[in-house]
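Novice: Once you've had a glance at the structure underneath, I'll fire off some questions.
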Amino acid sequence: MPRAPRPAPALAAIGETPLTALPGCGPRVAEKLAARGLQSLQDLWLQLPRQYEDRTRLTPIAALQPGVPAQVEGRVEAVDRGFRYRPMLRVALDDGSRGTLVLRFFHFRAAQVAQFRPGVRVRCYGTPRPGQHGLEIVHPSYRIIGEADDALGDSLDPVYPAIEGIGPATLRRLIGLALDRLPEVEALELLPERLRSELRLPTLREALLTVHRPPPGADLPALLAGTHPAQRRLALEELLAHHLSLRRQRIAQQTHAAVVLRDTTLAARLRESLPFALTGAQQRVFAEIRGDLGRPSPMLRLVQGDVGSGKTVVAAMAAVMAVAAGRQAALMAPTELLAEQHLANLRGWLQPLGVNVAWLAGKVTGRARAKVLETVAAGEAQVVVGTHALMQEGVVFRDLALAIVDEQHRFGVHQRLALRDKGAGVLADGERERIHVVPHQLVMTATPIPRTLAMAAYADLDVSAIDELPPGRTPVQTVALGAERRPELVERIRMACAEGRQAYWVCTLIDDSDEVVAQAAQTTYEELGRQLPGLRVGLVHGRMKAADKQATMLAFKCGEIDLLVATTVIEVGVDVPNASLMIIENAERLGLAQLHQLRGRVGRGSAASRCVLLYQSPLSQLARQRLETMRETNDGFVIAEKDLELRGPGELLGTRQTGLVAFRVADLVRDADLLPRVQQLAERLLAEAPDTAERIVARWVGGAARYASA
Ligand code: ADP
Ligand code: MG
């Protein structure tokens, strides 16, 4: 392959110049930038706009669309300063187009309030959403304008991701200064010329300048949609960088050794002792895991399985493979609630087989903790179940051969690796040779990813799917109802509970501050308590003490609570088979993945279950499609495909979801056609030009070096 031209070292070094070389970037500012991984000029070049604001035109208020950002100009009609859960300022604007727009502020200063005198002209920019009185924009960026001063901009304004402690204007200025020092093409270019001309993509230099400073006359709609050749060019290189880093990680992993686990006697005994037969999908996935464990290199496998597909028992069977070989397994879950549930399940299954299951969570402290740590270090604890606490310093395993991470989208890759590192060690192999061994890794997720994406997102993992539910489950029936039908639901809950069933009431709000949601849950809890006097109503939300939350969940699980009012804290993994009714308030505000996760809390027993999605009108087109999808299918993989189609993987595959570093410019759906090229190119670079590969990774993924080099 034609090699990218090698830069002269002096020029290449420009990119590495520390940011303190820029005027106005003192040590304090540099420190704040560094906290976000921005240390050199190159990092600022690649700090790409998150979006653009089109201030080249005004939209009449009557023509505003919910969810579509726009610039509006109008006169202040009325101002209302109120207090609901916290201080609030509302300003109504009128532009003569017969529409109403409310600007809403939760944080504001007295000087701001004083600005908004009736009749004053305000120009603002933001995303309108349905509010109580027509559309509203929460915290718009705005400017009071004088009568003469009304020129509109002539190009798109880049909006950069916010950086704590640095104002947007300063950030824009620093990025501008960094761009002024962009070297000539030869010093920057890492992609082969032939590829660029074949795909008709600009050079890196040209692409960066276009994206940061769209010239007048640039294709604005393409830039706003992220399909401009400049963006495609950057996306290609970014996708390549991520792919290379995942491939490298995988290759590095495979140079490590792992303990061969072949003894299946305990797994077979466990399987025979279960009160149910494994589904075909569970058997197949376990066979894949068994194949991996039998090899002397570490397993790196992701098991995708819809909520309720029975991943835990498969994990338990893998764990006892380690135990049968005289070694240890660890199972880590993202919340204490989930971890406790795993503990109960694993103890129930494994203790009768004589396997010692230990428990380690944050609330295990003092002498109890010391005692657990002792058994873990001595190897008496054969299977250790817990939360993040498992990764803390001071937790030393005697011989960890298998690390299992549940609901992996809740953990970053770093955390996954931290658990793996607990088992890393050096095995003396004979007299001279010492080999580095790492545990096998099994990660599980109930957030299915469409096949097309799995390849890109998990290039470092093998992927298995438990794509079948245990028999005897009745699919959850889902209905969508306007919020005005809420009173009927009270009756429905009364009836379900009269039959000995239990119900969830899930509160969500657009404002994702814990405090406001907790407050709303509290209000709903009191209200429902009054309306359903015969029922035992419980409440869990994120602001409660962990112990109180646990106690309430446990009471619900034991049937001591009929109706559980909750925020989305109950989302992951909670298993209460007797619960057969779920009501989700403001369902239009949640994404498909989250709705599906929530709904997965019901339909876990044999009774027919229902899920009611309460929504506020008017529904945006997107929300309507989401609710429709929820009504039509219960299949997590279908929902994932739809989710992808509706909103794109930027959100679907955020840092939290995959453990991938979030993309700066690439979008796996929009740029999907680039993926096959990326894969080919990556293999070729790794084989033929490893130093170029290295530089591409360093350029884009450099900040996550721990990940890239692990
Ligand atoms: P998830 O994949 O969502 O983690 P779980 O492992 O919590 O699902 O399993 C959900 C429920 O199904 C549990 O109560 C579990 O014991 C039960 N289960 C698992 N496998 C089977 C099976 N093959 N047949 C019947 N029930 C099963
Ligand atoms: Mg689970």
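Coordinate-derived values only; no laboratory data. Keep in mind the model is a prediction, meaning the values are calculated, not measured. With ideal geometry, Cβ positions are generated from the backbone for all residues, glycine too; neighbour counts draw on all protein chains shown.
Novice: Please report the spacing between the Cα centers of the stretch 540-578 and the stretch 122-171 in Å, no decimals.
Specialist: About 41 Å separates the Cα centre of the stretch 540-578 from the one of the stretch 122-171.
Novice: Mind counting lysine pairs for me in the chain? Cα separation below 14 Å, and the two need to be 8 or more apart along the chain or on different chains.
Specialist: Total qualifying Lys-Lys pairs in the chain comes to 4.
Novice: Let me ask you something else. Let me check against my output: what whole-number percent is the relative contact order of the stretch 28-179, with C-alpha pairs under 8 Å and at least 6 apart? Numbers along the way, then the final one.
Specialist: On the way: 273 pairs, mean separation 43.8, N = 152.
Reported as a whole number, the value is 29 percent.
Novice: Additional query: Ranked highest first by the average count of other Cβ atoms within 10 Å around their residues, in what order do 310-317, 235-242 fall?
Specialist: The peptides rank, most packed first, as 235-242, 310-317.
Novice: Oh, and also: Just round it to a whole percent: the fraction of Cα-Cα distances in the stretch 42-192 exceeding 24 Å.
Specialist: Of all Cα-Cα pairs in the stretch 42-192, 45 percent lie more than 24 Å apart.
Novice: Okay, moving on. Modelled label-to-label distance, residue 255 and residue 492, 7 Å Cα→beta-carbon offset: nm?
Specialist: Taking the two extended label points, one gets 5.8 nm.
Novice: A further question follows. For the chain, what does the relative contact order come out to in percent, with C-alpha contacts under 8 Å and a separation of six or more?
Specialist: Worked out over the chain, it gives 13 percent.
Novice: For residue 481, enumerate residues with amide H under 5 Å from its amide H, sequence gap 5+ or separate chain, H modeled in the peptide plane.
Specialist: Counting only residues 5 or more places away or on other chains, the set is 613, 614, 615.
Novice: Would you mind putting 173-183, 50-60 in packing order, based on average other-beta-carbon counts within 10 Å, highest first?
Specialist: 173-183, 50-60
Novice: Moving to a separate point now. Which translational diffusion coefficient, to the nearest whole µm²/s, is obtained for the chain from the Stokes-Einstein equation, given a Kirkwood hydrodynamic radius over C-alpha pairs, 20 °C and 1.002 mPa s?
Specialist: For these conditions, the coefficient is 76 µm²/s.
Novice: Which of the listed residues, 547, 297, 676, is farthest toward the dipole's positive end in the chain, when Lys, Arg count +1 and Asp, Glu count -1 at the beta-carbon?
Specialist: Sorting the options by dipole projection puts first 547.
Novice: How long, wide and thick is the stretch 47-90, going by the Cα atoms along their three principal axes, in whole angstroms, largest first?
Specialist: Computed over the Cα atoms, the extents are 37, 30, 17 Å.
Novice: Report the one residue of 177, 378, 212 whose Cα lies farthest in the direction of the positive end of the charge dipole of the chain (charges on C-beta: Lys and Arg +1, Asp and Glu -1; origin at the Cα centre).
Specialist: Looking along the dipole axis, the top candidate is 378.
Novice: Another question, then. Taking the Cα centre of the chain as the origin, how large is its charge dipole in debye, to the nearest 20, when only Lys and Arg (+1) and Asp and Glu (-1) carry charge on their Cβ atoms?
Specialist: The dipole magnitude comes to about 860 debye.
Novice: Which percent of the Cα-Cα distances in the stretch 276-406 go past 24 Å?
Specialist: Working: 2128 of 8515 pairs.
Tail fraction, whole percent: 25.
Novice: Taking a ≥ b ≥ c as the square roots of the eigenvalues of the Cα gyration tensor of the stretch 85-169, is the shape rounded (a/c under 1.5), prolate (a/b larger than b/c) or oblate?
Specialist: Numbers: a/c = 1.40, a/b = 1.09, b/c = 1.28.
It comes out rounded by the Cα gyration axes.
Novice: Explain nothing, just compute: Karplus ³J(HN,Hα) = 6.51 cos²θ - 1.76 cosθ + 1.60, θ = phi - 60°, for every residue of the stretch 634-644 in order, whole Hz, x for Gly and Pro.
Specialist: With the stated coefficients, the stretch 634-644 comes to 10, 8, x, 6, 5, 5, 5, 4, 5, 4, 4 Hz.
Novice: Moving on to the next point. Cα convex hull of the stretch 127-258: how many Å³ per residue? Intermediate values should be presented prior to the final figure.
Specialist: Numbers: hull volume 32.6 nm³, N = 132.
Value for the stretch 127-258: 247 Å³ per residue.
Novice: So how do 585-595, 209-219 stack up, highest first, on mean other-Cβ count within 10 Å?
Specialist: Result, highest mean first: 585-595, 209-219.
Novice: For the chain, what does the helix formula give at 222 nm: sum of -39500 (n - 2.57) over DSSP H segments with n ≥ 4, over the residue count, nearest 500 deg cm²/dmol?
Specialist: Here the helix-only value at 222 nm equals -12000 deg cm²/dmol.
Novice: Let me ask you something else. Determine the relative contact order of the stretch 11-96: mean sequence separation of Cα pairs under 8 Å and six or more apart, normalised by residue count, in whole percent. Show your work: numbers first, answer last.
Specialist: Values: 82 pairs, mean separation 16.1, N = 86.
After rounding, I find 19 percent.
Novice: Test of understanding: what is the full-extension gain from residue 219 to residue 179, defined as 0.36 nm times their sequence separation minus their Cα-Cα distance?
Specialist: Taking 0.36 nm per residue and subtracting the Cα distance, the gain is 12.3 nm.
Novice: Give the Rg/Rh ratio for the stretch 246-325, taking Rg as the radius of gyration of the Cα atoms and Rh as the Kirkwood radius, to two decimals.
Specialist: For the stretch 246-325, the value is 1.01.
Novice: Further question: Positive end of the charge dipole of the stretch 30-134 (Lys, Arg +1 and Asp, Glu -1 on Cβ, about the Cα centre): tell me which of 45, 103, 69 has its Cα farthest that way.
Specialist: About the Cα centre, the residue reaching furthest to the positive side is 103.
Novice: Once phi is turned into ³J(HN,Hα) by the Karplus curve 6.51 cos²θ - 1.76 cosθ + 1.60 with θ = phi - 60°, what whole-Hz value does each residue of the stretch 293-306 show in order, with x for glycine and proline?
Specialist: My calculation for the stretch 293-306 gives 5, x, 9, x, 10, x, 5, 9, 10, 9, 9, 9, x, 4 Hz in order.
Novice: Whole-Hz Karplus ³J(HN,Hα) for the stretch 550-556, in order, using 6.51 cos²θ - 1.76 cosθ + 1.60 and θ = phi - 60°, x for Gly and Pro?
Specialist: Going residue by residue, I get 4, 4, 5, 4, 5, 4, 5 Hz, with x marking Gly and Pro.
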